[in-house]
Amino acid sequence: MRRFRHVVLLSSYVLLLALLAHPVHAERRVAMVIGNGAYRHTSTLPNASIDAKAMAALLRKVGFDVAEGIDLKRDEMMTRLGEFATKIQGADVALLYYSGHGIAVDGKNYLVPVDIDVNSELDIKLGAAIDIEVAVDQIMADAKVKLVFLDACRDNPFTNKIRSAARTRSVTILSGLAEMKPSEGTLIAFAAGPGQTALDGKPGENSPFTRALLSNIAEPGVEIRHALTRVRAQVSKETNREQLPWEDTNLTGFFYFNPQGAAVAAPASTRAPGNPAAPSEARSNASTEIELEFWRSVRTGERTEEYLAYLARFPNGNFASIARLRLAALQTGGGIKDAVAQSINPALPTRETEEQLRFDRLKRSDIQRRLSTLGYFNGAADGNFSDTTRRAIERWQAARRYLKSGYFNKLQYEALLAERVPAVQPAAPSIPRQQPAAQPQPIPTRSAVTATVPTPWGIDCESWRLPSSACLWAR
């Protein structure tokens, strides 16, 4: 009996360890990967199957149950997609990856099986090709998160054939794919922008878009939108700005292919003790980082598509006004240098205006000390502008009724330097001293204005000892 009891206890212990190692409610991920390259009636794509096999292998490594198909005919594609729809039931994440020819007719996108011969747009509309929108909205509807990657913007000879047959009809045919409106919880990533074509790459290698996906999406702790920003930058660089990937997204949360290292809040090393970042603050910081990296990938470009891509993703972003000015300059034939000069708004404090100030570690430490003395910063003056420092800057900006962003521009930085820092009275000595304690010396200030007329915000320039430029800006 005792031996039996030990066996039962040991079995229970092993079962408990198994449950801890494999949670019952683990995220269920399924994927369908298709690579069509051996076309019978149009140009072949030697790299499509290579791309699909590489993507399937990566997805399996990050926990996806992957079904794959290579060089599928129309009936085979329909069968595989039907099986995929069944597998999606009850799944948390569904992913569709397609590498091959695609075509856009009257604003709708279609995937092209290897066996069809298209002679007019009616062939497409009557079912010769696969409607991507139907596939996403109907087949993938049950999944909480729906991810679609379309390396399908390769130049397609069917396009010219359809155009020739449509001379007497009103039909719109794009060389690449058209923009899509994703449903809630969906992200659709394209190898190139709307109406643009993508490169297939050198024979025997991955296409530029798939190669960038393989390099970035499974990085530990990198959120999908952040990863796609990196993908965009890599493809743009590799193709000498000839190709710029694009995505339409309506995700309602964060998704990580490889959540290892993903933190809900900022690392402990960047936070003051006892002051953890709130989840909403962490989400805001992540969104800001995604936007910043996106902007850095396009801000020196001379193509309108790059600025359109930024504005479509971040219509109210930190750099939206700059992007619109540069876009307008490019559309009217102006140079990018002129557009850059016109788009610098000194009154708007952003990360970019702060970067222009070229703060080194000593200047950052000095700013932290000043904010600490003024009562807005509670942390070490280590020269590291962490989230704690950014919140302190925002509190200082709000108290002064400045434009609040957590970053400095030239005028606000000068205003901080010009502020009178409250003198700290020394504690009463326990032993009388022979000489009175020296009064603390005020921090040197720059030339202050002499006007005593308050600004509309109630700021007395003379009392605050603001420099003339900052006082004029405040008015």
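The values are calculated or read from the model by the stated rules, or taken from the named source; none is laboratory data. All values derive from a computational prediction rather than experimental measurement. With ideal geometry, Cβ positions are generated from the backbone for all residues, glycine too; neighbour counts draw on all protein chains shown.
Some values worked out for this structure:
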item: Residue within the stretch 41-64 that is of a type outside the set (V, I, T), over 32 Å from the mean Cα position of the chain (by Cα), at pLDDT 90 or above and in the same structural domain as A143 (by TED's automatic domain parsing) present; result: no
item: Residue within the stretch 33-40 that is among the hydroxyl-bearing types (S, T, Y), within 16 Å of L150 (Cα to Cα), assigned by TED's automatic domain parsing to the domain that holds D123 and surrounded by 19 or more Cβ atoms within 10 Å (Cβ to Cβ) present; result: no
item: Residues located in the stretch 212-222, provided they are in contact (Cβ under 8 Å) with a residue 24 or more places away in the chain and surrounded by fewer than 22 Cβ atoms within 10 Å (Cβ to Cβ); result: L214, A218, E219, P220, G221, V222
item: Residue in the stretch 378-390 that is at pLDDT below 90, surrounded by 17 or more Cβ atoms within 10 Å (Cβ to Cβ), under 20 Å from G317 (Cα atoms) and out of contact with any Gly (no Cβ under 7 Å at 6 or more places or on another chain) present; result: yes
item: Some residue of the stretch 331-348 being more than 19 Å from E414 (Cβ to Cβ), at pLDDT 70 or above and outside any loop (DSSP other than H, G, I, E, B); result: yes
item: Residue ID - farthest from E419 (Cα to Cα), chosen from residues in the stretch 346-377 that are crowded, with 17+ Cβ neighbours inside 10 Å and of a type in the set (K, R); result: R351
